[in-house]
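Here is the structure we will look at.
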Amino acid sequence: MSHPVTELDRVVIRFAGDSGDGMQLTGDRFTQEAAVFGNDLSTLPNFPAEIRAPQGTIPGVSSFQLHFASYDILTPGDRPDVLVAMNPAALKANTGDLPKGATVIVDTHDFTARNLTKVGYAANPLEDETLADFAVHAVDLTGMTVEAVKEFGLSRKDAARSKNMFALGLVSWLYGRDVAGTETYLAHKFATKPTIRDANVAALRAGWNFGETTETFAVSYVVKPAPAAPGRYRNITGNTALSYGLVAAGRLSGLPVLMGAYPITPASDILHELSKHKRFGVTTFQAEDEIAAIGAAVGASFAGTLGVTATSGPGVALKSEAMGLAVMTELPLVVVDVQRGGPSTGLPTKTEQSDLLQAMYGRNGEAPMPVIAPQSPGDCFAAAVEAARIAITYRTPVMLLSDGYLANGSEPWAIPSVADLPAIEPGFATAPNHSTTNAKGEPVEEFWPYLRDEETLARPWAIPGTAGLEHRIGGLEKGEGHGNISYDPANHDRMVRIRAEKVQRIADSLPPLEVDDPSGQADVLVIGWGSTYGPIGAACRRVRAAGHPIAQVHLRHVNPLPNDLGAILRRYDRVVCPEMNLGQLSRLLRAEYLVDVRPITTVRGLPFGAEALAHDLLTHVTRTAEALA
Amino acid sequence: MTTVDLPAPALTAKDFSSDQEVRWCPGCGDYAVLKAVQSFLPDLGLRRENIVFVSGIGCSSRFPYYLDTYGMHSIHGRAPSIATGIATAREDLNVWVVTGDGDALSIGGNHLIHALRRNVNMTILLFNNRIYGLTKGQYSPTSETGKVTKSTPVGSIDHPFNPVSLALGAEASFVARTIDCDRKHLTAVLAAAAAHRGTSLVEIYQNCPIFNDGAFEGLKGPDAADQLLRLEPGLEVTVDGQTWTHDPTEANPTRQFAISRLDGDPDSPVPVGIFRQVDRPTYDDQARAQVADALAAAGPGDLQALLDSGDTWSVAEERA
């Protein structure tokens, strides 16, 4: 039989099931197929902090949302066009996000009275009007999976575990996706368990064939590849890209990398990834705590290695004192903060941007640190290289602020050519830098660890093993130049100002900001930092599509702020700043530029939805126009 | 101890003295330890530039400033973690940690036990004066119960640590104790600690003349011979009625631990010397070996190949 095929330009699918149902894997595989097909895409994994929350409950629901399109997209999508729900809890937890007319594919297998009661359904929603607004396909996915893998002699429980592959096969058929890549993936993943491998492949194919041979789905769909610049691409998550950036930074600087870390969600994957790359001279040290992790990184930097530590907000709090030590000793160090919902333990698996002020000011004393934020999962690569460049060039700890959305989300990434990446010069000190005379009046050459480069104000990095440059550094205030302990009031005042000026001078090395204002007519500027880039961009497109000009500028460097930012902010009648916190960047901008930056804030543990954000932006545009009229 | 090239001209104690004025209180036990270290460093056959002293916070932690080697005076309690990073990053460095009873056993207790269990190449000098000196006289984790200090006007109710027992419990590979006033013993124990590959912990009983003067007075002078049990390999030791021959190289630390418990017995002498000295793979050597093995197996990493790994696709020309 042949199905009619309908062409769509974009689709948002959400796979939802129990934590143990393999929804993240299912979503990830569909993502890979969409990526290889050439769609632009953006993903949003969303899972509970518990590894296996009680089965069949709403807190135990794990989901993976994928937005794929035939044009360039910026967000994982606000509302799913298709929901795949593997049990009543997954249906109940996600129905509220569905737009009218959405397609809902439900595994009916677990829709027993007991399971329905567990999640608060008084009656079976598949049999009453609950889902009347949607195109519902109620199918016994589990039962058909068990039937499809019968020949492998698995227990019923093990057989049922392949149901996620059946669902993947079905959805792959629905969107005309090849499953060969997933078959290869399964062959590799279960190489040592041939029965499990064969069962998964059989379930995958059975799902596909079910779509092909039944009348359940009247049409299937096609979403054509998106336009893209020539080049080589892969799909990548933020944590992987960030890890590759750190590996690249080691290669570009010629330095070994030592990463100290203590496991913490959502940063642990960086430790896992870096631990695989010993051939690149990367050593990972799983420390006894967050403090030891950064301590080892500081020690490694003193010894001439690129010291790195990666954590999330609670870990940054513990590392504060050691960051201050790195500020005082002026050693290169990259501190990665993959932000999550706070305060305290907060929402470990959800995203937030609420560590900005902690990154800026969360240390005792005047302890300035450069702060850098990637804007998309793939951009985590370039941001990590940039963090290392600043750390090494200016001899300073640098905060790299990713977040849970970037960390686990993915997008197609234009793979950079290594040959095009600029080298980073560690410029180790090799000889004395100061001439004096000894007690007998004879000339003596000395090494002064705090004599600075005139342009960058960076101090020399003399590493142990270099004869004649033996010196001592530490957390006590340093005398200017010679670096010996000094409690002199004027010296302290001067050193505090020099450390601040050194960080400020990084701004001289930054490229000009790019303001996106296609019409050139905007009165309202939207400014953001970090992972809000995609949602802000998507919201701006909607505002423009509705006929209203609006300008967007996005910050990679939050400290120091770019030299041209003040002039840009003052060009607009209104400046709006959406953030996943209660207005941290807007405070910084107000304080720095005396510009009335208006915050738009959300702290729901999820990225901004483009539709809602566009609505808020439109309100600002309208009010500004009224005020100007 | 790391194998490195011998320096061309022989160095002397003077070569290891920095130009900084030593600022401990007159009569402080730290002077004796500094002198001892400066005197035997030339005998280690190391280049000055390959030695790194790391300290935390406290009186003893000023130590690195007075030695003309590489050094870092870091933050409270964290010296073992910083030293771990240095030792793991660089095979050619000889790494020392100078710490006190508050720094190592209170605020830095966690880092100390983990350094000991990992067996990172470093020599830890734990100056134990049983008091907080730099903060002017509060009780420490080695102060005796009932001690009256600024923060315990009616006596401390804390039960103290025995640092040697603690280190043995953490399965340290080298554990010793010595005393600041016995220059010969101090020098011999420190030299043995420096020569050990792995983490060496040396507890040094050290007098604070300002806030805890005479803490170890009973162990000094001509009458003190009976008060000290000077451990040597082969020494016959009796604990709780059982007698055996002390063997610091014995893999099972049970008997070494039993000796360390003599401290708590008022009728027993205080054991000093080397309790334990065993060979065990070090953390940093193994970390470097994993890197070397990976390189030997597959050669240096190809960054472009890494970036190109996984499912990739190419767009040949502008796709519209």
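What to note about this one:
- Annotation: Cα Rg of the range A:131-199 relative to the compact-globule expectation 2.2 N^0.38 Å equals 1.25.
- Span from the the range A:180-227 Cα centroid across to the the range A:94-155 one, whole angstrom: 20
- Estimated inter-spin distance, B:Ile157 and A:Lys276, nm [label 7 Å along Cα→Cβ]: 5.4
- Straight Cα distances below 24 angstrom link A:Lys502 to the lysines A:Lys319, A:Lys478, with same-chain residues fewer than 8 positions distant left out.
- Principal axis extents of the C-alpha atoms in the range B:170-298 (largest first, rounded to whole Å): 65, 40, 23.
- If you take all other residues with their beta carbon under 14 Å from the beta carbon of B:Gln277, and give Lys and Arg +1 and Asp and Glu -1, the sum is 0.
- Residues of the range A:446-481 with amide N under 12 Å of the 7 Å Cα→Cβ point at A:Asp488: A:478-481
- Three-way shape label, the range B:1-130, alpha-carbon gyration tensor, a/c 1.5: oblate
- Rounded to the nearest 0.05, the FRET efficiency derived from the C-beta distance between A:Val444 and B:Ala292 at R0 = 41 Å is 0.50.
- Environment charge at B:Leu112 (Cβ cut-off 14 Å; Lys +1, Arg +1, Asp -1, Glu -1): -3
- A Stokes-Einstein calculation at 20 °C with viscosity 1.002 mPa s, built on the Kirkwood radius of the range A:5-223 over Cα pairs, returns a diffusion coefficient of 123 µm²/s.
- The sum of -39500 (n - 2.57) across all DSSP H runs of n ≥ 4, divided by the residue count of chain A, sets its helix-only mean residue ellipticity at 222 nm to -11000 deg cm²/dmol.
- Net charge of the neighbourhood of A:Gly143, taken over other residues with C-beta under 10 Å away and scored Lys/Arg +1, Asp/Glu -1, is -2.
- Listed by chain and number, the aspartates and glutamates whose C-alpha is less than 19 Å from the C-alpha of A:Lys100, apart from same-chain residues fewer than 8 away, are A:Asp9, A:Asp78, A:Asp81, A:Glu127, A:Asp128, A:Glu129, A:Asp133, A:Glu611.
- Fewest-first ranking of A:Thr265, A:Thr195, using other Cβ atoms within 10 Å as the exposure measure: A:Thr195, A:Thr265
- Rg over Rh for the range A:473-629 works out to 1.13, using Cα positions for both radii and the Kirkwood form for Rh.
- Using the alpha-carbon positions of chain B, Rg (one decimal) and Dmax (whole number) come out as 22.7, 95 Å.
- Modelled FRET efficiency - R0 30 Å, A:Glu127 with A:His3, Cβ distances, 0.05 increments: 0.65
- Compactness index (Cα Rg / 2.2 N^0.38 Å), the range A:434-508: 1.23
- In the range A:162-303, the alpha-carbon atoms span a convex hull of 169 Å³ per residue.
- Taking the inverse of the mean reciprocal distance over all distinct Cα pairs, the Kirkwood hydrodynamic radius of the range A:50-117 comes to 13.4 Å.
- Considering all different alpha carbon pairs of the range A:235-420, the Kirkwood hydrodynamic radius works out to 15.7 Å.
- Of all DSSP beta bridges confined to chain A, the antiparallel ones make up roughly 35%.
- Fraction of beta bridges assigned by DSSP in the range A:235-420 that are antiparallel (%, nearest 5): 15
- Under the combined filter of DSSP loop state and at most 16 neighbouring Cβ atoms within 10 Å, the range A:197-305 retains these trypsin sites (Lys or Arg not before Pro): A:Lys276.
- For the range A:235-420, the Cβ-based charge dipole about the Cα centre amounts to some 400 debye (Lys, Arg positive; Asp, Glu negative; other atoms uncharged).
- Relative to the longest principal axis of the Cα atoms of chain A, helix A:610-628 runs at roughly 60 degrees.
- Semi-axis lengths (Å, descending) of the ellipsoid that matches the C-alpha gyration tensor of the range B:83-239: 26, 21, 14
- Fully extended contour minus Cα-Cα distance, from A:Arg505 to A:Thr184, at 0.36 nm per residue: 110.5 nm
- Based on alpha carbons, the Rg and Dmax found for the range A:105-241 are 17.9, 55 Å.
- Note on the protein assembly as shown: Kirkwood radius taken over Cα pairs, Stokes-Einstein applied at 4 °C and 1.567 mPa s, translational D equal to 42 µm² s⁻¹.
- The stretch between A:Ala431 and A:Thr622, if pulled fully straight at 0.36 nm per residue, gains 62.4 nm over its current Cα-Cα span.
- Convex hull volume of the C-alpha atoms in the range B:136-192, normalised per residue: 103 Å³.
- Applying 1/(1 + (r/R0)^6) with r as the Cβ-Cβ distance of A:Gln286 and B:Asp279 and R0 = 25 angstrom yields a FRET efficiency of 0.55.
- Note on B:Lys184: lysines with a C-alpha under 24 Å away, same-chain residues under 8 apart excluded, are B:Lys14, B:Lys35, B:Lys220.
Bear in mind these aren't lab numbers, they're just calculated from the coordinates by the rules spelled out. Computed from a predicted structure; not experimentally measured. Here the Cβ is made from the backbone with ideal geometry for all residues, glycine too, and neighbour counts use every protein chain on show.
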